[in-house]
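Reviewing the structure listed below.
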Amino acid sequence: MSCTVIVGTQFGDEGKGKVVDYYGQDADIVVRYNGGANAGHTVIVGAERFAFRLLPSGVLRPDKTVVIGHGVVIDPDLVLAEIAELRQRGVTPATIYVSDRAHVVMPYHKALDGIEETLKGSLRAGTTRRGIGPCYSDKVARFGIRVCDLLDEEVLQAKLDAFLPIKERVFAAYGEAVKLPLEPLKATCLRLGAQLAPYVTDTITFLNDALRQQKRILLEGAQGTHLDIDYGIYPYGTSSNAVAGGACTGAGIPPPQITQVIGVVKAYTSRVGEGPFPTELEGQLGEYLRERGGEYGTVTQRPRRCGWLDLVMVKYALRVNGVTSIALTKLDVLSGLDAVKVGVAYDYHGQEVTAFPANMRVLAECQPVYETLEGWGEMARTTWRRVVDEGYEALPQACRRVIEFIEEATGVPIRLISVGPERALTLRRDA
Ligand code: IMP
């Protein structure tokens, strides 16, 4: 039995999709436990590019089972569209299960996301406007519609009867005259429920049975630690628990069953959306990373803000997730630079800060303290491919130095190194 959690240690977009796909080869079951259609992960297989927002990446392997856990908020029509697209493209997907306890993103959640973002002014997170925050707010405030409700007209009717007039009052308070007629919404919910029904199951029981049967389970966190509702840069993050603990609360995995936690660290930092970002590079270098790294949002296509690797941020993430090994991604993006900088501390008005600050004003006023390492030359994809075939020692010495510097600074082994989007451009470095 193994139960591995894969988490992002930065702002999401660390390249988790590829890492999950890679480790997914060894898993029987791949599970998503948080977030919703705000996440976008891309997997490239041969000449084919697949982008998913809700389905776990393991869905491309027909011998696997993929699970959307109850911690995820679901757009039923989007899940159904992603499944339909796979079939259209000739992929026989994995067995797909959707939790009966997962909350449903309703059309009014998306509308509220937009309105609330506008009203928040400078405190807006720059959300993906997929209704994520309002859906999780409703879950916590007990206004939520769950997947199981889509399969039960009586419960659905009772909830919509009670909740829709309240939602209309919320819109009115925001100065929006929105009418939410019950019948068409109920009809849509029931139609989507009927279409989703073949996939709906009690995923908590399924996963706990699988643990007893010694199955290998891989859990993927969407987004990253610094977008997590509790650990992230508040209020600029998302509304769910992206950290490894989310695998327990969002999929029903008992904490002692988790056998390893892989933290995905991108060799530099990027973020989409608002909020403090100490190692951000605004000039040419930021542009260089964005272009070479293809740093544009998978869901919204927004250009991502880019900067150097920030180990204050990463070390905090490694700690709160209990990371047992690191998967270092997009190292190839740094080739061709004269020097590679790594943030090792912050300077807050002359005071050295190594613990990640809670206060967003303090964080915004922190200046990064860098260690400057030697760069290595430009490397063509074919050269990377040869290096990967030959193994770790074939990497340029300066490149190995960067890897070993991160290991020494964090005290966590780097066991996987990704140097390109394809599956083949992955270097495994086992203990
Ligand atoms: P929301 O999750 O759509 O509410 O957006 C909240 C914040 O999280 C915004 O800054 C988004 O840009 C960011 N965000 C949400 N999902 C992702 C993701 O998968 N990758 C990167 N950033 C994300």
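The values are calculated or read from the model by the stated rules, or taken from the named source; none is laboratory data. Treat the numbers as computed from the prediction; the structure is a model and nothing was measured. Neighbour counts are summed over all protein chains in view; Cβ atoms, including those assigned to glycine, are modelled from backbone coordinates with ideal geometry. Quick note on the areas: whole protein, heavy atoms, side chains included, nothing else; ligands and nucleic acids left out. Shrake-Rupley method; radii C 1.70, N 1.55, O 1.52, S 1.80 Å.
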- Message: From the phi angles alone, apply the Karplus equation (6.51, -1.76, 1.60; θ = phi - 60°) to segment 116-123 and give each ³J(HN,Hα) in whole Hz, x where the residue is Gly or Pro.
- Response: 5, 4, 5, 5, 6, x, 5, 8
- Message: Using only the alpha-carbon atoms of the chain as identical scatterers, what base-10 log of I(q)/I(0) does the Debye formula give at q = 0.07, 0.11 Å⁻¹?
- Response: -0.34, -0.84
- Query: Hey, which of these cross-link pairs are over 31 Å Cα-Cα: Lys64/Lys330; Lys186/Lys215; Lys120/Lys179; Lys18/Lys110; Lys16/Lys139?
  - Reply: Lys186/Lys215
- Query: If ligands, DNA and RNA are left out, what is the accessible area of Leu219 with a 1.4 Å probe, given in Å² to the nearest 10?
  - Reply: 0
- Query: Share of antiparallel DSSP beta bridges in the chain, in percent to the nearest 5?
  - Reply: 40
- Message: Per-residue counts of other Cβ atoms within 10 Å, averaged by peptide: what ranking do you get for 195-205, 102-112, highest first?
- Response: 102-112, 195-205
- Message: Looking at segment 305-431, I'd like the Rg to Rh ratio, where Rg is from alpha-carbon atoms and Rh is Kirkwood's inverse mean 1/r.
- Response: 1.00
- Message: Helix-only estimate, please: 222 nm mean residue ellipticity of the chain, summing -39500 (n - 2.57) across DSSP H runs of length 4 or more and dividing by its residues, to the nearest 500.
- Response: -10500 deg cm²/dmol
- Message: Test of understanding: in a Gaussian network model of the chain with alpha carbons linked when under 10 Å, which of Val387, Val79, Val98 would top the mean-square fluctuation ranking?
- Response: Val387
- Message: Over the chain, with a Gaussian network built from C-alpha contacts below 10 Å, which listed residue (Ser335, Ser240, Ser122) shows the highest mean-square fluctuation?
- Response: Ser122
- Counting only residues 5 or more places away or on other chains, whose amide H sits under 5 Å from the amide H of Val340 once H atoms are built in the peptide plane? Leu373, Glu374, Gly375
- Task: Give, rounded to the nearest 20 debye, the magnitude of the charge dipole that the chain has about its Cα centre when Lys and Arg contribute +1 at Cβ and Asp and Glu contribute -1 at Cβ.
- Result: 520
- C-alpha center-to-center spacing [segment 98-133, segment 359-413] in angstrom: 36
- Message: Sorting check: for 243-255, 272-284, which peptide has the highest mean count of neighbouring beta carbons within 10 Å, and how do the rest follow?
- Response: 243-255, 272-284
- Note on the structure: Longest principal axis of the chain (C-alpha) makes with the long axis of helix 153-173 (C-alpha) an angle, in degrees to the nearest 10, of 70
- Work out the length of the dipole vector of segment 90-172 about its Cα centre, built from +1 on the beta-carbon of each Lys and Arg and -1 on the beta-carbon of each Asp and Glu, and round it to the nearest 20 debye. 420
- Message: Which residue, Ala197, Leu160, Tyr231, has the largest displacement toward the positive end of the dipole of segment 111-234 when charges sit on each Cβ (Lys, Arg +1; Asp, Glu -1)?
- Response: Tyr231
- Task: Report the one residue of Ala358, Leu425, Leu78 whose Cα lies farthest in the direction of the positive end of the charge dipole of the chain (charges on C-beta: Lys and Arg +1, Asp and Glu -1; origin at the Cα centre).
- Result: Leu78
- Item | Whole-number percent relative contact order across segment 305-431, with pairs defined as alpha carbons under 8 Å at least 6 apart | 31
- Message: Can you compute 3J(HN,Hα) from phi for each residue in segment 86-101, using the Karplus curve 6.51 cos²θ - 1.76 cosθ + 1.60 with θ = phi - 60°, rounded to whole Hz and x for Gly and Pro?
- Response: 4, 5, 4, 8, x, 8, 8, x, 5, 5, 10, 10, 10, 5, 5, 9
- Query: Helix 397-410 versus the longest principal axis of the chain: what angle, 0 to 90°, nearest 10, using Cα atoms?
  - Reply: 60
- Show the residues, 5+ positions off or on another chain, whose built amide H is closer than 5 Å to the amide H of Val31. Val67, Leu218, Leu219, Glu220
- Relative to the Cα centre, what is the charge dipole magnitude of segment 216-374, using +1 at the beta carbon of each Lys and Arg, -1 at the beta carbon of each Asp and Glu, and rounding to the nearest 20 debye? 480
- Item | Phi to ³J(HN,Hα) by Karplus 6.51 cos²θ - 1.76 cosθ + 1.60 over segment 341-358, Hz, x for Gly, Pro | 9, 10, x, 10, 7, 10, 10, 10, 6, x, 9, 7, 10, 10, 8, 5, x, 7
- Give the percent of DSSP beta bridges with both residues in segment 25-70 that are antiparallel, rounded to the nearest 5. 55
- Task: Tell me which residues come under 5 Å, amide H to amide H, from Thr269 once H is placed; ignore anything under 5 positions away on its chain.
- Result: Gly307, Trp308, Leu309
- For the chain, with +1 on Lys and Arg beta carbons and -1 on Asp and Glu, the positive-most of Leu211, Thr95, Phe143 along the dipole: Thr95
- Message: Which residue fluctuates most in the GNM of the chain (Cα springs below 10 Å): Arg381, Arg101, Arg130?
- Response: Arg381
